[in-house]
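*Asks:* Please see the structure below; I have some questions.
The values are calculated or read from the model by the stated rules, or taken from the named source; none is laboratory data. Here the structure is a predicted model, which means the values were calculated and not measured. Neighbour counts run over all protein chains shown; Cβ positions are idealised from the backbone, glycine included.
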């Protein structure tokens, strides 16, 4: 097996693993049970997004996706910091009163 | 040879990402989930990026990947720290089997109106010793 073919198969396997990881994080976002749990799962999803943007370099052959990985790595952090500030100040209720009786 | 090393890092990093996501899904309380996401998640994404660097070797990509890894290592721990503090202050319940809370009395905690039951609250290892 040549190196290029091995790389293609590895990219496919890694893609399947990353999709499974994204599904796990999405289930945690749906389940909660509290707002910080959801924000942690969002953080995890943005990290998976960085990895997927990296994989796109191999699959598509275009190196522009490295810039996308760099951008997602920076922006995901801002979202989490903003949510943390809102939760700490009480602007977002951590125990989600909207579905409480 | 570089292709093989790149393939190894791609699969290894994706597997670490999957382990981190399973941790986010399965760990019993918020603070453990945060550790899984911030430690194993950064390791997984960083390893996948390093694999890209081996698979498509050029100086430009290497610099961008080094930058992306640096930003991940700098920013995700800060985000995790802030989020953990916010969760503690908001009053996210600890797992039932937690032995000690070093922050009690240091930070004030809110109280949830509605009790949140963490998965695994029933399995308290401390209680077997007491029985």
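*Asks:* Could you say which residue among A:3, A:54 is under 23 Å from residue B:12 (Cβ atoms) and at pLDDT below 85? Steps first, answer last, please.
*Replies:* Values: A:54 fails: at pLDDT below 85.
Criteria check complete, one pass: A:3.
One line per residue, one yes/no per condition, for (1) within 26 Å of residue A:94 (Cα to Cα); (2) under 11 Å from the mean Cα position of the chain (by Cα):
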{"site": "B:10", "(1), (2)": "no, no"}
{"site": "B:20", "(1), (2)": "yes, yes"}
{"site": "B:40", "(1), (2)": "yes, yes"}
{"site": "B:52", "(1), (2)": "no, no"}
{"site": "B:65", "(1), (2)": "no, no"}
{"site": "B:80", "(1), (2)": "yes, yes"}
{"site": "B:92", "(1), (2)": "yes, no"}
{"site": "B:96", "(1), (2)": "yes, no"}
{"site": "B:102", "(1), (2)": "yes, no"}
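*Asks:* For region A:23-35, how many residues meet the condition of being within 12 Å of the chain's Cα centre (by Cα) and more than 7 Å from chain B (Cβ to nearest Cβ)?
*Replies:* Residues in region A:23-35 being within 12 Å of the chain's Cα centre (by Cα) and more than 7 Å from chain B (Cβ to nearest Cβ): 3 in total.
*Asks:* In addition: Could you check how many residues of region B:3-32 are facing chain A (nearest Cβ under 7 Å) and either buried (at least 24 other Cβ atoms within 10 Å of the Cβ) or closer than 22 Å to residue A:3 by Cα (or both)?
*Replies:* Taking region B:3-32 first, the residues facing chain A (nearest Cβ under 7 Å) are B:3-4, B:6-7, B:10-11, B:13-15, B:17-18, B:20-22, B:24-25, B:30.
Now narrow it down to the ones that are either buried (at least 24 other Cβ atoms within 10 Å of the Cβ) or closer than 22 Å to residue A:3 by Cα (or both): B:3-4, B:6-7, B:10-11, B:13-15, B:17, B:20-21, B:24, B:30.
So the answer is 14.
*Asks:* Do the conditions hold for residue A:68, that is, is it surrounded by fewer than 23 Cβ atoms within 10 Å (Cβ to Cβ) and over 21 Å from residue B:69 (Cα atoms)? Lay out the reasoning, then the answer.
*Replies:* Values: surrounded by fewer than 23 Cβ atoms within 10 Å (Cβ to Cβ): yes; over 21 Å from residue B:69 (Cα atoms): no.
For residue A:68, the condition - surrounded by fewer than 23 Cβ atoms within 10 Å (Cβ to Cβ) and over 21 Å from residue B:69 (Cα atoms) - is not met.
*Asks:* In this structure, does residue A:88 turn out to be under 24 Å from residue B:24 (Cβ atoms), part of a helix (DSSP H, G or I) and either more than 7 Å from every other protein chain (Cβ to nearest Cβ) or modelled with pLDDT under 90 (or both)?
*Replies:* On the way: under 24 Å from residue B:24 (Cβ atoms): yes; part of a helix (DSSP H, G or I): yes; either more than 7 Å from every other protein chain (Cβ to nearest Cβ) or modelled with pLDDT under 90 (or both): yes.
Yes; evaluated as a whole, the condition is true for this residue.
*Asks:* Within the bounds of region B:49-64, is there any residue that is under 21 Å from residue A:41 (Cβ atoms), at pLDDT 90 or above and facing another protein chain (nearest Cβ under 7 Å)? Outline the logic, then answer.
*Replies:* Keep residues of region B:49-64 that are under 21 Å from residue A:41 (Cβ atoms), which gives none.
Checking region B:49-64: not a single residue is under 21 Å from residue A:41 (Cβ atoms), at pLDDT 90 or above and facing another protein chain (nearest Cβ under 7 Å).
*Asks:* Give the residue, chosen from A:13, A:19, that is more than 7 Å from chain B (Cβ to nearest Cβ), part of a helix (DSSP H, G or I) and more than 29 Å from residue B:81 (Cβ to Cβ). Steps first, please.
*Replies:* Numbers: A:13 fails: more than 7 Å from chain B (Cβ to nearest Cβ).
The unique qualifying residue is A:19.
*Asks:* Test residue A:86 against the criterion of being free of Cβ contacts under 8 Å to residues at least 40 places away in the same chain and more than 19 Å from residue B:40 (Cα to Cα), and give yes or no.
*Replies:* Working: free of Cβ contacts under 8 Å to residues at least 40 places away in the same chain: yes; more than 19 Å from residue B:40 (Cα to Cα): yes.
Answer is yes for this residue.
*Asks:* Further question: List the number of the failed condition for residue B:92; all other conditions in (1) surrounded by 24 or more Cβ atoms within 10 Å (Cβ to Cβ); (2) assigned to a helix (DSSP H, G or I); (3) within 7 Å of another protein chain (Cβ to nearest Cβ) hold.
*Replies:* Tallying (1) surrounded by 24 or more Cβ atoms within 10 Å (Cβ to Cβ); (2) assigned to a helix (DSSP H, G or I); (3) within 7 Å of another protein chain (Cβ to nearest Cβ), residue B:92 fails exactly one: (2).
*Asks:* Among A:25, A:91, which is surrounded by 18 or more Cβ atoms within 10 Å (Cβ to Cβ) and without any contact (Cβ under 8 Å) to a residue 24 or more places away in the chain? Even if it seems obvious, please write down each step before you answer.
*Replies:* Values: A:91 fails: surrounded by 18 or more Cβ atoms within 10 Å (Cβ to Cβ).
Selected residue: A:25, the only one of A:25, A:91 that is surrounded by 18 or more Cβ atoms within 10 Å (Cβ to Cβ) and without any contact (Cβ under 8 Å) to a residue 24 or more places away in the chain.
*Asks:* If the requirement is being in a helix (DSSP H, G or I), more than 7 Å from every other protein chain (Cβ to nearest Cβ) and farther than 22 Å from residue B:5 by Cα, which of these qualifies: A:73, A:53, A:82? Outline the logic, then answer.
*Replies:* Values: A:73 fails: more than 7 Å from every other protein chain (Cβ to nearest Cβ); A:53 fails: farther than 22 Å from residue B:5 by Cα.
It is A:82.
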